[in-house]
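One structure below.
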């Protein structure tokens with residue numbers, strides 16, 4: 001009953017702080033709109049990945065690998081032309097390349113066959129039947145892929161002509177990617193912005209906690225029979241509801257503007273709920289070290305900045321794994337729950353993966369939430385609730 | 001009764017309360033007086049359970065084994081409330097925090113709002129109330145869980161005269177059935193309300209008695225100024241000499257005499273007789289009775305405190 005009392009009281013206060021609530025709830029939809037405008041007007045760049053499967057040959061006891069030469073040719077072409085929008089990057093294997101294509105980190109993947117050098121060398125030595133294969137992988141319906149593939153094909157043919165002085169020696173095969181490849185750039189940024197809408201909870205939650213300290217009403221609660229858990233739980237519950245409403249509003253705005261999602265909305269709400277709890281737990285740390293709403297707004301800016309720009313929420317972020325746990329990469333950014341939440345939302349909403357594929361992310365969010373809550377709870381109790 | 005024995009509180013090297021011992025009766029109004037920094041708020045905070053004593057004990061006898069959280073309602077000096085909740089909503093909320101069922105709190109909240117003149121403001125947000133109304137709401141919040149002991153820190157601060165009378169009557173009625181502990185700088189307030197008064201300074205108890213006894217026994221006493229129609233300074237000095245047998249402190253002037261004594265009224269008939277015997281005609285008596293403030297200043301001095 002006490003916890004329900006805290007819930008009702010906290011709900012009333014939250015509704016009546018309508019400016020803070022309004023700003024918090026509107027931040028996600030606003031970002032969706034801004035990113036929509038950015039994506040619609042941004043300058044294109046075409047990222048082409050290359051897997052050099054060429055095994056090469058020995059010529060005059062010297063290794064010869066035309067695959068490597070082709071990669072250098074791509075780079076040189078870029079430098080020569082100057083402001084070309086094509087960027088070629090060599091990667092180790094096909095699966096990595098396909099994963100990047102699915103995540104929209106690249107537009108086309110080129111696989112150079114193992115016999116590339118052998119075939120070119122044979123043609124060079126007047127074997128008119130020698131042919132080599134190059135595989136192009138990508139979303140055949142994507143204009144980015146088509147432009148990348150046309151350019152790369154031209155480059156490959158030009159390289160073959162330069163090397164062998166012969167035409168028509170490269171056979172190009174195209175492998176279309178699955179449905180995920182049909183997702184637009186706008187679709188790709190939506191999971192991050194959904195999490196941005198939850199990051200904004202950091203302020204409303206911290207202010208809700210610290211308001212009791214600022215108004216000194218914490219004294220009344222200390223005198224009463226209310227436990228620390230009931231106090232934090234009651235306020236946290238209302239903030240979680242605010243977070244879920246914020247995510248729903250953000251998602252609705254994204255859908256109205258053309259967002260296509262693949263996976264389960266229920267799963268999305270579960271991820272959003274867990275992430276809300278995590279942000280609320282982190283807010284407890286902010287509330288513990290502050291004494292007023294003004295202080296929250298000043299102090300809270302720093303973690304908000306980290307959460308927004310170093311987790312992949314505001315834009316895709318490349319990060320190197322420090323180590324792996326059961327195959328799941330752990331990065332420095334992994335200490336912030338939005339990193340895992342965005343990964344989980346990408347897997348469900350974009351790649352249509354089921355719950356079993358996001359278990360590592362869910363575990364990471366839960367572990368970090370508990371960690372934040374314990375740290376925040378201890379400091380908050382020590383600073384604001386403990387008898388001296 | 002509340003029995004406080006050798007109560008101590010230290011903050012680092014600073015001793016805020018130093019071996020305090022006294023008892024507070026179950027019914028009545030107990031005043032705790034002292035200058036700033038005397039240790040009043042620290043003592044009250046320990047009685048409420050907001051501060052842990054460094055030493056000593058506080059025992060709540062005859063309260064059916066209830067702990068301080070249920071027993072005590074605390075009205076701090078500063079108005080503490082939820083500005084965005086209505087008067088009724090916050091009384092309901094605070095009652096719930098004490099684990100009381102809503103069906104019990106609701107009528108209690110309405111009763112308190114009526115008793116303290118806030119019935120019209122039941123559904124008004126607390127942040128929009130006037131200063132005096134906020135003060136009265138603060139008192140309601142201390143009482144909503146029906147405590148046996150009400151602790152008030154400067155309860156009349158910020159109240160207009162009408163509100164002061166209403167609140168004073170309320171405290172008197174409450175104190176006739178339950179226990180009220182109040183701290184105040186307003187000596188008149190303490191004198192009017194309290195049955196027993198403890199004066200403390202530097203964390204120690206200086207004196208504990210009824211206001212009447214304190215005024216009778218402590219300080220320079222009542223001041224009587226006698227103006228004469230006739231006579232000169234020599235006659236007045238002669239008269240003063242006669243009064244010396246009554247052990248009164250006196251100051252003479254050209255046509256007046258000042259007498260200081262803890263209970264000068266008792267000596268008035270004798271003074272009048274002696275004046276007539278000396279041939280002096282009294283034109284005017286001016287009497288200022290010994291006040292609690294005089295007692296307070298006598299005990300604690302005039303030095304300003306931090």
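Scan the stretch A:216-227 and give yes if some residue there is over 18 Å from residue A:13 (Cα atoms), in the same structural domain as residue A:22 (by TED's automatic domain parsing), surrounded by fewer than 23 Cβ atoms within 10 Å (Cβ to Cβ) and within 25 Å of the chain's Cα centre (by Cα), otherwise no.
No, because not a single residue in the stretch A:216-227 is over 18 Å from residue A:13 (Cα atoms), in the same structural domain as residue A:22 (by TED's automatic domain parsing), surrounded by fewer than 23 Cβ atoms within 10 Å (Cβ to Cβ) and within 25 Å of the chain's Cα centre (by Cα).
Within the stretch B:2-19, is there a residue that is crowded, with 22+ Cβ neighbours inside 10 Å, touching a helix residue (DSSP H, G or I) at 6+ places or on another chain (Cβ under 6 Å) and within 21 Å of residue B:202 (Cβ to Cβ)?
There is at least one residue in the stretch B:2-19 that is crowded, with 22+ Cβ neighbours inside 10 Å, touching a helix residue (DSSP H, G or I) at 6+ places or on another chain (Cβ under 6 Å) and within 21 Å of residue B:202 (Cβ to Cβ).
If you check A:324, A:388, which single one turns out to be more than 15 Å from the chain's Cα centre (by Cα), outside any helix (DSSP H, G or I) and either within 30 Å of residue A:217 (Cα to Cα) or at pLDDT 90 or above (or both)?
After ruling out the rest, the residue left standing is A:388.
Do you know which residues across the stretch B:225-248 are assigned to a strand (DSSP E or B) and crowded, with 17+ Cβ neighbours inside 10 Å?
B:226, B:228
Return yes when residue B:11 is assigned by TED's automatic domain parsing to the domain that holds residue B:195 and in contact (Cβ under 8 Å) with a residue 60 or more places away in the chain and no when it is not.
Considered against the rule, which asks whether it is assigned by TED's automatic domain parsing to the domain that holds residue B:195 and in contact (Cβ under 8 Å) with a residue 60 or more places away in the chain, residue B:11 comes out as no.
Considering only the stretch B:249-259, I want to know if a residue exists there that is at pLDDT below 85, in a helix (DSSP H, G or I), out of contact with any helix residue (DSSP H, G or I) (no Cβ under 7 Å at 6 or more places or on another chain) and not assigned by TED's automatic domain parsing to the domain that holds residue B:38.
No - not one qualifying residue is present in the stretch B:249-259.
Out of contact with any helix residue (DSSP H, G or I) (no Cβ under 8 Å at 6 or more places or on another chain) and crowded, with 19+ Cβ neighbours inside 10 Å: is that true of residue B:194 in this structure?
no
So that you can scan it fast, the table gives a plain yes or no per residue for (1) within 11 Å of another protein chain (Cβ to nearest Cβ); (2) buried (at least 19 other Cβ atoms within 10 Å of the Cβ); (3) assigned to a helix (DSSP H, G or I):
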{"residue": "B:89", "(1), (2), (3)": "yes, yes, yes"}
{"residue": "B:92", "(1), (2), (3)": "yes, yes, yes"}
{"residue": "B:100", "(1), (2), (3)": "yes, yes, no"}
{"residue": "B:107", "(1), (2), (3)": "no, no, yes"}
{"residue": "B:111", "(1), (2), (3)": "no, no, yes"}
{"residue": "B:120", "(1), (2), (3)": "no, no, yes"}
{"residue": "B:135", "(1), (2), (3)": "no, yes, yes"}
{"residue": "B:141", "(1), (2), (3)": "yes, yes, yes"}
{"residue": "B:146", "(1), (2), (3)": "no, no, no"}
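Would you confirm whether any residue within the stretch A:374-384 is crowded, with 16+ Cβ neighbours inside 10 Å and within 14 Å of chain B (Cβ to nearest Cβ)?
Yes.
If you go through the stretch B:64-87, how many residues are more than 27 Å from residue B:42 (Cβ to Cβ) and either surrounded by fewer than 16 Cβ atoms within 10 Å (Cβ to Cβ) or under 26 Å from the mean Cα position of the chain (by Cα) (or both)?
1
Which residue is farthest from residue A:10 (Cα to Cα), if the candidates are limited to the stretch B:49-87 and must be more than 7 Å from chain A (Cβ to nearest Cβ), assigned to a helix (DSSP H, G or I) and touching a helix residue (DSSP H, G or I) at 6+ places or on another chain (Cβ under 9 Å)?
B:68
The values are calculated or read from the model by the stated rules, or taken from the named source; none is laboratory data. As the structure is a computational prediction, the values presented were derived from the model and not from experiment. As a convention, Cβ positions derive from the backbone with ideal geometry for all residues, glycine included, and neighbour counts pool all protein chains shown.
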